[in-house]
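**Q** Below is the structure I would like to discuss, written out as structure tokens.
The values are calculated or read from the model by the stated rules, or taken from the named source; none is laboratory data. Not measured: the values here are computed from a predicted model. So basically every Cβ, Gly included, is an ideal-geometry build from the backbone, and we count neighbours across all protein chains shown.
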2 protein chains.
Amino acid sequence: MPKFSRDDFLALDEKDDLAPFRDEFQLAKDLIYLDGNSLGAMPVAALAKAQDVVAREWGQDLITSWNKNGWFHLAEKLGNKIARLIGADEGEVMACDATGLNLYKLLSMALDMRPERKVIVMEGSNFPTDNYMAQGLIHQRGQGHEIRFAEQDDIMAAITEDVAVVSLTQVHYKSGYLLDMKAITQKAHQVGALVIWDLCHSAGALPVALNDCQADFALGCGYKYLNGGPGAPAFLYVAKRHQGKAMQPLTGWWGHANPFAFEQDYRPADNIWQCLTGTQPILSLSVLGCGLDIFERADMGKIRVKSMKLCDYFIDLVEEYCADFGFTLASPRDSTKRGSQVSFTHEQGYAIMQALIAKNIVGDFRAPDIIRFGFTPLYTRYVDVWDAVMGLRNIMENDLWRRPEYSKREAVT
Amino acid sequence: MPKFSRDDFLALDEKDDLAPFRDEFQLAKDLIYLDGNSLGAMPVAALAKAQDVVAREWGQDLITSWNKNGWFHLAEKLGNKIARLIGADEGEVMACDATGLNLYKLLSMALDMRPERKVIVMEGSNFPTDNYMAQGLIHQRGQGHEIRFAEQDDIMAAITEDVAVVSLTQVHYKSGYLLDMKAITQKAHQVGALVIWDLCHSAGALPVALNDCQADFALGCGYKYLNGGPGAPAFLYVAKRHQGKAMQPLTGWWGHANPFAFEQDYRPADNIWQCLTGTQPILSLSVLGCGLDIFERADMGKIRVKSMKLCDYFIDLVEEYCADFGFTLASPRDSTKRGSQVSFTHEQGYAIMQALIAKNIVGDFRAPDIIRFGFTPLYTRYVDVWDAVMGLRNIMENDLWRRPEYSKREAVT
């Protein structure tokens, strides 16, 4: 006798406080979108916002929009909205630039604040752009800095007295493993190091408590769980106590103490504005606001509870219904150690994911063998979990993944 | 007897081959928009494009758009369109990031290519973000580089054997003075220096011949004469002969030789892709394409001829009709030494510009005393020149600029 039925999941949706939020996103009824950890779904409000920014703010108000429509202060305004989601205060967050650029700025600041130390602790298996940016920075500074790569359980031991900066992504992009922000930050501070938290897979996915953890710096992505649109500007956080103490190196005019004085020499602003470079992409930035507005009405605690349940049920069902098909759980079984995604390894992972996508069950594949499913409580239904696993079982039972078209690799995967 | 009449200008519009392009922009009939050098007007096509990118590409196609709708190659595709306008070849230009960031990348590359030299020649009166970025870079590298500031006619003499890089904006943002790209580049190469050209006020305003001038590097803005929208991504150019020879330091994953291999260590692409950092703001980038598409059908030579005429007439008319009101021409009188703008100094410049804007004649003010008028041949009519000067005369004759509301400064000017 099976442990679950589809009706159980429909019943969970019935009782779900967050269920109505799905209507705020444009999603086809039959689409099971489990890739919001790569590109969040489109808030319905985004279309009207884009139209308004293009036709009225740009087309009609033109240059006056910098004042009249608040373009110049948009990075700060949206930053403050993000601050609420990540346990930061007003004036500690800016929505700007891209994640890699923000990491570059913060890492350079942190290294300047620990000039006598040369070691940066990072996770080698992390989504590589953070590591790449650090390598570029090290190469450019030419001061003999080195990256000490450590994985998951070895990170604490890698944080020793010679470490300048610990720069980690809180939730691992492949496994979904959730690092202990509080313990790691504490350990870093004990040895005199600073910490940068990459929240790409955390912000909007689970409650983050930067100030409660005494974090130093953080950054993250606008287009995953925050639903800001493709390539939406990212964000960065600098704890108040560090503002004005170090200078980020991408010293464009928006970070100047008096940008409209057009002075010849750079004078850094002594607050979070120093972290801006120059003019931001206003259309993309404005639309990011639509994703953030939804979070003003959604409770992060409820989001986390639902996220854990969605993931737990997904694992339960795969174990129940797909046990014989060679999937190995690549995410923590313990939901308190997991972000909002579940990954499995399978040697035919690529073709299996293509077969799923053909059935309108959209997750993604990460080389060499990971299939990854992101669960976004604002628009993922409990019944999606059931249907996704039944779809997966159907593919495996009938060897649908063997179709030749599913093993043809696209340029971008 | 007056030298001109309004009918003369209407007649010029009648004969103007470029006149039909105005219909491709959303501009109120009674608006005289002379600020396209700060924020270009909105191409009518931009609204449908924004709607399509939001509702279909993002909302419907979601993550598949990276392949299906060409998001991943958009920076390159638009870069190639810009290449045509600035005398570059395919594969030499990317549309990406922001101007300051692009300057940072290119300057760092150029300094790496001249490790034994410490001097950067820049113009101190330039729009300051380039100088600020250079100062940030110098501070971060800590290798004793210094900026040698020189102005206009002194630039050639400042380019001596100790210079690593000459980094100049071709058209001055205040005066509109047009530097001689060929002569300066030649001089720089004679002494063994490299040249970076900032084309913020050139691209789309006048023909630029980067390769013909043997330029090394260039960058520029998407939201001025290219009409790409507020904060549209910028562009950068690296001459083919330099690609793969030096590495830009903002080493995000899009610049990796194999970005989707997710390797632990950075390996630079050996072509223009190395100049990318990470994910671009797709909505803003897509809309930039609408501005560029118009240029596919517009002849840069005709644009330049009309631009020179518009500016010449404007100066003529101000000298004819506003001679007694204390305006001093701050731009070159010789149109071959001028970009596509005309500036005057006036001690009441701020209030005068506010009074003009209240009359729907939109230029801008640059501290301390410059009023600036940009002429964008794709949508500026000859009769606008007449009407703008008549509006200016009316303001001066009747002391309209004295109204208290016109001297109240806004946060962003």
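**Q** If I filter region A:366-381 for residues that are at pLDDT 95 or above, outside any loop (DSSP other than H, G, I, E, B), charged (D, E, K, R) and in contact with a helix residue (DSSP H, G or I) (Cβ under 7 Å, 6 or more places away or on another chain), do I get at least one hit?
**A** Checked region A:366-381: no residue is at pLDDT 95 or above, outside any loop (DSSP other than H, G, I, E, B), charged (D, E, K, R) and in contact with a helix residue (DSSP H, G or I) (Cβ under 7 Å, 6 or more places away or on another chain).
**Q** How many residues does region B:239-262 hold that are more than 7 Å from chain A (Cβ to nearest Cβ) and within 24 Å of the chain's Cα centre (by Cα)?
**A** 5
**Q** Continuing with this model, one more query. Scan region B:195-205 and tell me whether some residue there is hydroxyl-bearing (S, T, Y) and within 11 Å of the chain's Cα centre (by Cα).
**A** yes
**Q** At least 1 residues that are away from every other protein chain (no Cβ under 14 Å) and either surrounded by 20 or more Cβ atoms within 10 Å (Cβ to Cβ) or out of contact with any strand residue (DSSP E or B) (no Cβ under 9 Å at 6 or more places or on another chain) (or both) in each: list the helices (runs of 4 or more DSSP H) lying fully within region A:121-230 that qualify.
**A** Values: elements: A:129-141, A:155-158, A:181-190.
It comes to A:155-158, A:181-190.
**Q** Being part of a helix (DSSP H, G or I), acidic (D, E) and either on the phi > 0 side of the Ramachandran plot or more than 8 Å from every other protein chain (Cβ to nearest Cβ) (or both) is the filter here, so list the residues in region B:42-64 that pass it.
**A** Once the filter is applied, which keeps residues that are part of a helix (DSSP H, G or I), acidic (D, E) and either on the phi > 0 side of the Ramachandran plot or more than 8 Å from every other protein chain (Cβ to nearest Cβ) (or both), region B:42-64 yields only B:D52.
**Q** Tell me yes or no: at least one residue of region A:241-252 is surrounded by fewer than 21 Cβ atoms within 10 Å (Cβ to Cβ), free of Cβ contacts under 8 Å to residues at least 24 places away in the same chain and in the same structural domain as A:N102 (by TED's automatic domain parsing).
**A** Yes, because at least one residue in region A:241-252 is surrounded by fewer than 21 Cβ atoms within 10 Å (Cβ to Cβ), free of Cβ contacts under 8 Å to residues at least 24 places away in the same chain and in the same structural domain as A:N102 (by TED's automatic domain parsing).
**Q** Taking interchain pairs and intrachain pairs at least six residues apart, which have beta carbon atoms under 6 angstrom, with the first residue in region B:96-108 and within 10 Å of chain A (Cβ to nearest Cβ) and without any contact (Cβ under 8 Å) to a residue 40 or more places away in the chain and the second crowded, with 24+ Cβ neighbours inside 10 Å and not in a helix (DSSP H, G or I)?
**A** Pairs that qualify, where the first residue is within 10 Å of chain A (Cβ to nearest Cβ) and without any contact (Cβ under 8 Å) to a residue 40 or more places away in the chain and the partner is crowded, with 24+ Cβ neighbours inside 10 Å and not in a helix (DSSP H, G or I), are B:G100/A:G252; B:G100/A:T277; B:G100/A:G278.
**Q** Considering only region B:69-95, state which residues are free of Cβ contacts under 8 Å to residues at least 40 places away in the same chain and either over 13 Å from B:I282 (Cβ atoms) or in contact with a Pro (Cβ under 6 Å, 6 or more places away or on another chain) (or both).
**A** Within region B:69-95, B:N80, B:E90 qualify.
**Q** Please state which of the following conditions A:L18 fails to meet, knowing it meets all the rest: (1) more than 20 Å from the chain's Cα centre (by Cα); (2) more than 10 Å from chain B (Cβ to nearest Cβ); (3) free of Cβ contacts under 8 Å to residues at least 40 places away in the same chain.
**A** (3)
**Q** For region B:65-95, which residues satisfy the criterion of being over 24 Å from B:I303 (Cα atoms) and within 13 Å of another protein chain (Cβ to nearest Cβ)?
**A** Residues satisfying the conditions are B:S65, B:W66, B:N67, B:K68, B:N69, B:G70, B:W71, B:F72, B:H73, B:L74, B:A75, B:E76.
**Q** Just one of A:C311, A:C290, A:C275 is over 30 Å from A:F25 (Cβ atoms) and either out of contact with any Cys (no Cβ under 7 Å at 6 or more places or on another chain) or touching a residue at least 60 places away in the same chain (Cβ under 8 Å) (or both); which is it? Spell out the reasoning first.
**A** Values: A:C311 fails: over 30 Å from A:F25 (Cβ atoms); A:C290 fails: over 30 Å from A:F25 (Cβ atoms).
Result: A:C275 is the single residue among A:C311, A:C290, A:C275 that is over 30 Å from A:F25 (Cβ atoms) and either out of contact with any Cys (no Cβ under 7 Å at 6 or more places or on another chain) or touching a residue at least 60 places away in the same chain (Cβ under 8 Å) (or both).
**Q** Moving to a separate point now. Considering only region B:173-219, how many residues are of a type in the set (V, I, T) and within 23 Å of B:K306 (Cβ to Cβ)?
**A** 1
**Q** Could you tell me whether any residue of region B:109-118 is at pLDDT 95 or above, out of contact with any Pro (no Cβ under 7 Å at 6 or more places or on another chain), part of a helix (DSSP H, G or I) and closer than 30 Å to A:D364 by Cβ?
**A** No; the residues of region B:109-118 include none that is at pLDDT 95 or above, out of contact with any Pro (no Cβ under 7 Å at 6 or more places or on another chain), part of a helix (DSSP H, G or I) and closer than 30 Å to A:D364 by Cβ.
**Q** Turning to a different aspect of this structure: Out of region B:360-382, which residues are more than 21 Å from B:H172 (Cβ to Cβ) and surrounded by fewer than 18 Cβ atoms within 10 Å (Cβ to Cβ)?
**A** Passing the criteria: only B:N360.
**Q** Sticking with this one: Residue under question is B:I155, and the condition is that it be closer than 24 Å to B:A367 by Cα, outside the structural domain of B:L329 (by TED's automatic domain parsing) and modelled with pLDDT of 95 or more; does it hold?
**A** Yes.
**Q** Restrict the check to region A:24-41 and report whether at least one residue is within 21 Å of the chain's Cα centre (by Cα), outside the structural domain of A:C200 (by TED's automatic domain parsing) and in a helix (DSSP H, G or I).
**A** Yes - at least one qualifying residue is present in region A:24-41.
**Q** Going by the conditions given, is A:T336 assigned to a loop (DSSP other than H, G, I, E, B), of a type in the set (S, T, Y) and modelled with pLDDT of 95 or more?
**A** Taking the combined requirement at face value, the residue does not satisfy it.
**Q** Let me ask something additional. Tell me which residues, restricted to region A:22-44, are under 14 Å from B:R56 (Cα atoms) and surrounded by fewer than 23 Cβ atoms within 10 Å (Cβ to Cβ).
**A** A:F25, A:Q26, A:L27, A:A28, A:V44
**Q** While we're on this one: Considering only residues of region A:283-305 that are more than 18 Å from the chain's Cα centre (by Cα) and crowded, with 21+ Cβ neighbours inside 10 Å, which is farthest from A:C221 (Cα to Cα)?
**A** The extreme case among them is A:L283.
**Q** Tell me, which residue of region B:328-352 that is hydrophobic (A, V, I, L, M, F, W, C), buried (at least 17 other Cβ atoms within 10 Å of the Cβ) and under 22 Å from the mean Cα position of the chain (by Cα) is nearest to B:L31 (Cα to Cα)?
**A** If we take residues in region B:328-352 being hydrophobic (A, V, I, L, M, F, W, C), buried (at least 17 other Cβ atoms within 10 Å of the Cβ) and under 22 Å from the mean Cα position of the chain (by Cα), then B:V342 is nearest to B:L31 (Cα to Cα).
**Q** Let me spell it out: the conditions are (1) in contact with a Cys (Cβ under 6 Å, 6 or more places away or on another chain); (2) part of a loop (DSSP other than H, G, I, E, B), and A:A88 meets all of them except one. Which number is the exception?
**A** In the conditions (1) in contact with a Cys (Cβ under 6 Å, 6 or more places away or on another chain); (2) part of a loop (DSSP other than H, G, I, E, B), A:A88 misses (1) alone.
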